[in-house]
Amino acid sequence: MDQAHFPASGVSRAVLLTVAMLGLSAGLSACNTVRGAGQDVSSVGHDVSRGANASQNAITRSTNASPR
């Protein structure tokens with residue numbers, strides 16, 4: 001591009017490029033953070049489910065009830 005279409009100086013371009021790269025790297029790290037948080041929530045859900053199943057099995061065994 002020539003100066004008429006993009007009149008920014010070399011320093012302005014460097015600053016713009018640096019800001020763009022920082023934004024991109026922050027965005028990519030945020031994706032990892034969200035993915036990790038999703039895995040944590042999923043793990044908690046699995047733990048709750050296992051605990052509920054264990055409780056149900058314990059109640060069934062202690063009351064001699066037939067399981068559903």
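Points to keep in mind about this one:
- If the segment from D40 to L28 were pulled out straight at 0.36 nm per residue, it would be longer than the present Cα-Cα gap by 2.4 nm.
- For region 24-68, the alpha-carbon coordinates run over 60, 14, 5 Å along the three principal axes, in decreasing order.
Every number here is computed from the coordinates shown, using simple stated rules; none is lab data. Note that this is a predicted model, so its numbers are computed, not measured.
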